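Worksheet for the structure shown next.
Nothing in this text is a laboratory measurement; each read-out follows from the coordinates by a stated rule. The structure displayed is predicted, hence computed values, not measured ones. Cβ placement follows ideal geometry from the backbone for every residue including glycine, while neighbour counts extend to all protein chains displayed.
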Amino acid sequence: MGFDFKSSVMWESVPILLIGLKWTILITIFGLAIGFVLGAGSGLLKISRNAFLRKLAGVYIESIRGTPIMVQVMFIYFGLPMALGMRINPMVAGILAIGLNSGAYIAEIVRGSFQSIEPGQAEAGRSIGLSHFQTMYYIIWPQALKRMIPSLGNQFIISLKDTSILVVVGVGELTRTGQEIIASNFRAFEVWITVALMYLVMTLSIAKLLNYIENKMDINK
Amino acid sequence: MIEIKDLIKNFGNLKVLKGINLEITQGEVTVIMGPSGSGKSTLLRCINRLEDITSGTVIVDGHDVMDKKTDINFIRTEAGMVFQQFNLFPHKTALENVTLGLVKVRKKSTPEANILGKKLLEKVGLADKADTYPEHLSGGQKQRVAIARSLAMRPKAMLFDEPTSALDPELVGEVLDVMKQLSCEGMTMVVVTHEMGFAKEVADRVIFMDEGNIIEENTPEKIFTNPQHDRTKAFLKNIL
C-alpha cells in the first residue's frame, strides 16, 4: 500500500492551526513577561549582599531547574487546585508554568551576565561618587543586558517550544490543535509537518530579531 | 589633606597593611613604590574606601572615611581615582564618560556638563575624541579620558594606581605629561608607580613599601641616590 502525500491537507489545516498558533504566541509572550520579571528579580537576589535573599532565590532556581517542566505543569494545573480548593483555567496555568520555568533559567542568565562585568567597572562608578544603585543602573545593567541577549534569545526559543507540553492540561495551543485535526482526518504526516513548520517559522523569527537587536547595539557600543 | 593612622588591612588571614602612618599635605605629590604584594594599591584603595579598613583611621579632608556619618560617595568625589586598567565605561563616549558624574552626582544640566566635559577633554589633549567610544581609543588616550573623568568631580586629591603599567612604552609619556601638568597646578596627588623619571621630576616625596609596611620615605633625590634600607636598595637596583 503506497503512501499518498496530500498537500491539500496541509493547506486546509492552516486556518485551524493558526487559531492554536495565536494561543501559543500569547502564552509565550505572557509567560516570558512573567519569566523576565521573576528572572531579573531572582538573578539580582542571587548576587545580593543579603545571604537570606541569595538562599531564597537559590531554592527557587534549583527546584525549577531540577524538575521536569511536565511535572511543573501537572503540579500547577492538577496539584495546586486541590490545595487551594479552586480550579485554575488551563491557559492561566500554562502561562504560570512557562513564567515560573523560564524565570529560573533567565535568573541564571542575568546573574551570569552581571558577574561577567569586570569589577573595575563598578569601582570606577563608585570612584566618581555614584551610589551603589546608580552604578548598577547606569554602568553595570546596560553592559550586562547586552551580554544577556544571545542567551535570552535562546531561552525565548526554548520557552516557545515548551508551550507544546501544555497539551497535557488541554490548552488549545498549536500542538493540541494539530492533534485535534488528526483525530478527525487521520493525516498525521501532513499535519505534523505543517505544525513543525509553524514552530520553525516562529523560532527562526525570534533568532533573526535578536540578531538584529544585537547588531544594532554593537554599532552604538 | 589625607591623614592615615595605624592603618591595618587584612584579607581573611592575610595581613596586607600592617600599621601604616602617613600624612599628605595639600598640594603634595607622593609617589609610592615597592614590589608587588607590598600593599601599595591596597593603601590607595583604603583612602577612598574601595576597601574597608580593618582598623586604624583614614581621614580625607577632615572626614573619617569609616565614620558611619560620613557620606562615602562624597569622599570619593573628593579623592578621584585613576586605575591601571582605565575602567572607562565602554558603552559611553569619551565625553559621556566624563560627564556622567557631573550629571548624576553633581546634578548639572546636560548642556552645562557637556561644556565642562569638553574643556576637560581639551585639557588632556583629546578635544577631538569627544564622541569616540573607548574601544577606538589607544591605551594612553583611554587613561587620559579616565583622568578627565576624575577631574570632572573637582577632587581635592587624585589617587593614581599604576596609571601607566598597562600601557605600551611609547604611550606612557602622554599620560605622565598630563599628570605633571596637574602637579604644576597644585593638585594633591598620591601615585603608585615605578616610573623613576616621573618620581624624580614631580614627586615631593617617595615612599617605599614592603610586606605591608612603609620601610623608607624621603625626597626622590635622597631615596634614589642614597637608599638606607637593604630592601629599597635591592628593589631600585632591579628597576633601573
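Structure above, values below:
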item: Simple Cβ-charge dipole of the stretch B:16-172, Lys/Arg +1 and Asp/Glu -1, about Cα centre, in debye nearest 20; result: 460
item: Dipole moment magnitude, nearest 20 debye, chain A about Cα centre, only Lys, Arg, Asp, Glu C-beta charged; result: 580
item: Environment charge of A:Leu166, counting only residues whose C-beta is closer than 15 Å and scoring Lys/Arg +1, Asp/Glu -1; result: 0
item: Sorted by Cβ neighbour density within 10 Å, fewest at the top, the residues A:Thr203, B:Thr110, A:Thr163; result: B:Thr110, A:Thr203, A:Thr163
item: Axial C-alpha extent at least 24 Å, average Kyte-Doolittle at least 0.0 - helices from chain A (DSSP); result: A:7-46, A:90-116, A:188-219
item: Net +/- balance of residues flanking A:Ser131 in space, Cβ distance below 12 Å, scoring K and R +1, D and E -1; result: +2
item: Given charges at beta-carbon only (K, R positive; D, E negative), |dipole| of the protein assembly as shown in Debye; result: 1080
item: Separation of the A:Ile29 and A:Arg87 label points, Cα + 7 Å toward Cβ, nm; result: 2.7
item: Cross-link pairs beyond the 19 Å C-alpha cut-off, checked among A:Lys146/B:Lys92; B:Lys108/B:Lys142; A:Lys216/B:Lys92; B:Lys142/B:Lys180; result: B:Lys108/B:Lys142
item: Three-way shape call for chain B based on the alpha-carbon gyration tensor, with the a/c threshold at 1.5; result: oblate
item: The stretch A:78-221 shape via C-alpha gyration tensor axes, a/c threshold 1.5; result: oblate
item: Residues whose placed amide H lies under 5 Å from that of B:Met81, excluding near-sequence neighbours; result: B:Leu159
item: Dipole of the stretch A:1-102, positive end: most advanced residue of A:Met82, A:Asn50, A:Val92 [Cβ charges, Cα centre]; result: A:Asn50
item: Residue among A:Thr177, A:Pro142, B:Pro90 farthest towards the positive dipole end of the protein assembly as shown, charges placed on Cβ; result: A:Thr177
item: Tensor-based shape of the protein assembly as shown (alpha-carbon gyration tensor, a/c under 1.5 rounded, otherwise prolate or oblate); result: prolate
item: Farthest positive-ward along chain B dipole, Cα basis, beta-carbon charges - from B:Phe198, B:Gln228, B:Met187; result: B:Met187
item: Label point distance in nm, A:Ile149-A:Phe75, each placed 7 Å from Cα along Cα→Cβ; result: 3.5
item: Low-density loop cleavage sites - GluC sites (Glu not before Pro) in the stretch B:164-240, where at most 16 other Cβ are within 10 Å (DSSP); result: B:Glu185, B:Glu211
item: Net charge, A:Ser42 excluded, C-beta distance under 15 Å - Lys, Arg +1, Asp, Glu -1; result: +3
item: Calculated [θ] (222 nm, deg cm²/dmol) that DSSP helices of n ≥ 4 give over chain B, each run adding -39,500 (n - 2.57); result: -11500 deg cm²/dmol
item: Value of [θ]222 nm, deg cm²/dmol, for chain A, DSSP H segments ≥ 4, -39500 (n - 2.57) each, nearest 500; result: -26000 deg cm²/dmol
item: Within a Gaussian network of chain B (alpha carbon springs, distance under 10 Å), most fluctuating of B:Val16, B:Val29, B:Val98; result: B:Val16
